[in-house]
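The values are calculated or read from the model by the stated rules, or taken from the named source; none is laboratory data. Please read these numbers as outputs of a predicted model, since none were measured by experiment. Positions of Cβ are backbone-derived with ideal geometry, glycine not excepted, and every protein chain shown enters the neighbour counts. The protein model used for the area step is the full one, side chains on, heavy atoms only, and it has no ligands, DNA or RNA in it. Shrake-Rupley method; radii C 1.70, N 1.55, O 1.52, S 1.80 Å.
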Amino acid sequence: MAKTLKEAPITTASARSKLLAGEYARRLDADAAIWYRRGKRGGVWFARWRNHGAGANYLQAPVGPANDVNDKPADGLLTFTQAETQARQIIATARQEAKAAAAGPVLTIRLAVETYVAERDARDTRRKGRTVRSDAGQRLRRYVLGQDKRGKQEAVPAAPLASIGLHELKESDLLTWRKGLPEELKSSTEQRLINDLKAALNGAYAAHRERLDPTLPAIIKHGLKAEKVDSDDAAPLARDNQILSAAQVGIILAAARQIDTEGNWDGDLFRFVVVLAATGARFSQIARMKVGDVQRGQGRLMVPSSRKGRGGKIASTPHPVGNDVLDALLPATTGRGNDENLLERWRSKQVAGSIGWERAGRGPWQFASELQRPWREIRQRAGMPGVIPYSLRHSSIVRGIRANLPIRLVAALHDTSVPMIERHYGRWIADGLEDMAAAAVVPLLPQEGSNVVQMGVRA
């Protein structure tokens, strides 16, 4: 094109008015040009560029009608500058699509998310020792990929975002998807969903970097950045009614013991709640504890690190506990190997040809949902209808803060960060340091009747 294209004066309405009917071009680059076609009823713009793939030597696409009256913007008509801008966008998009198609199947959001979901499902299956569907997969299927009708769950259509190619993804596509999420979706759930999608897209870019535009990571970053919202969910994580005193924790444990006995849990439920209360650890951490993590001689439990974050953590964190906790765990450690799961529970299966159930062996706790039904009974028995299992973690953190432990130590004991402690438990930090702050108070005002000392600079 560079050697044969003959350019014409089409940049102004005045210049175009002197042209005869026909087609005229101005070069955009070595392989592309914007064309002006003059007819009896007015002119139109179109783009034409060299096709390096199979098919015709050139491809072209319409841009729009020309403004042949003047060089000012007008509704429905394009000046040369406007037409040139749109032509460059059309050609750039076409070239990206051609490049993506030449490298293999077009990489879409759907393909990126499906790959990520498969990886997460495989990871969770490996950890659980049986086939499971990850939480990330469930969220992404519901709000991105779509899912078929399952039981009482209605079918969910795929989001329009799923069909968009990574090579053509724009920040506005991601923002539109975010705006389309249900308003009733909790901000914490929404943020997990966004983080999952971000990880899926970044993973696809890392795996196919040579096929994608270098600006894609910036588009993902800005389109899925966390938003600062002033809502209840953005308020301090631990609310007053979830901070339990030592006496209230004792009531919860007493209720857990009663429900355990009445439900024939054989101590499994009670021991799990005891460890929740004693360590303030998450369900997933406690479920992975081994018999060897109970170190009676040192008066501590070794709590496995959570799987949150980017890795690089120590394997477990020592958490001092009292003899009462160690005694409660004694039945779970006596006569068992150090590598066995510390906390287990009975599994049941339905009797063949009957509506009854029978025990089918013991196994580790696997899902936090296993605690939901007995916890409802526990809090009802304890007379605390609003308390949640996570309140034991909140209460453990606040106890450490009120005991004036260094915030860094409180964070380490609970496998979290200092900024998280400061952000969500700030008011209890101030309360815990109140006595220390009070000791630093000194009288500032002179007593009545005392002589006022004239302050000044001595010569």
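Here are the numbers:
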{"quantity": "Sorted peptide list for 401-407, 85-91, criterion being average Cβ within 10 angstrom, highest first", "calculated": "85-91, 401-407"}
{"quantity": "Rounded percent of accessible protein surface that carbon and sulfur make up, the chain, 1.4 Å probe", "calculated": "53"}
{"quantity": "Amide H partners (placed H, <5 Å) of T108, local residues excluded", "calculated": "L166"}
{"quantity": "Greater than 19 Å apart at Cα, pairs in K99/K170; K170/K221; K99/K179", "calculated": "K99/K179"}
{"quantity": "Listed peptides 250-258, 412-420 by packing density, highest first (mean Cβ within 10 Å)", "calculated": "250-258, 412-420"}
{"quantity": "Spatially proximal aspartates and glutamates relative to K72 (Cα-Cα < 17 Å; intrachain offsets below 8 disregarded)", "calculated": "E84"}
{"quantity": "Distance between modelled label sites at R37 and K128, nm, 7 Å Cα→Cβ extension", "calculated": "5.9"}
{"quantity": "FRET efficiency for T115 and L185, using Cβ-Cβ distance with R0 set to 25 Å, rounded to 0.05", "calculated": "0.55"}
{"quantity": "Theoretical ellipticity at 222 nm over the chain - DSSP helices of four or more residues, -39500 (n - 2.57) apiece, nearest 500", "calculated": "-12000 deg cm²/dmol"}
{"quantity": "Exposure of D121 as accessible area (Å², to 10), given a probe of 1.4 Å and all protein chains", "calculated": "30"}
{"quantity": "Options [x] 3, 14, 18, 18, 14, 10, 8, 9, 5, 1, 0; [y] 4, 21, 28, 22, 13, 7, 3, 1, 0; [z] 4, 18, 26, 21, 13, 8, 5, 3, 2, 1, 0 - which one matches P(r) over Cα pairs in 10 Å bins from 0, in percent as calculated here", "calculated": "[x]"}
{"quantity": "Two-site FRET efficiency, A403 against K149, from Cβ-Cβ distance with R₀ of 45 Å, rounded to 0.05", "calculated": "0.30"}
{"quantity": "Accessible area expressed per residue, the chain, with surrounding protein chains retained (probe 1.4 Å, Å²)", "calculated": "60"}
{"quantity": "Residue-span extension gain [D339 to S163] - 0.36 nm each, minus C-alpha spacing", "calculated": "58.7 nm"}
{"quantity": "Cβ-Cβ FRET estimate between M420 and A315, R0 fixed at 30 Å, reported to 0.05", "calculated": "0.90"}
{"quantity": "In Hz, Karplus ³J(HN,Hα) per residue of segment 393-403 (6.51, -1.76, 1.60; θ = phi - 60°; x = Gly, Pro)", "calculated": "6, 4, 5, 5, 5, 5, 4, x, 5, 5, 7"}
{"quantity": "Cross-link pairs beyond the 20 Å C-alpha cut-off, checked among K128/K290; K149/K349; K198/K225", "calculated": "K149/K349"}
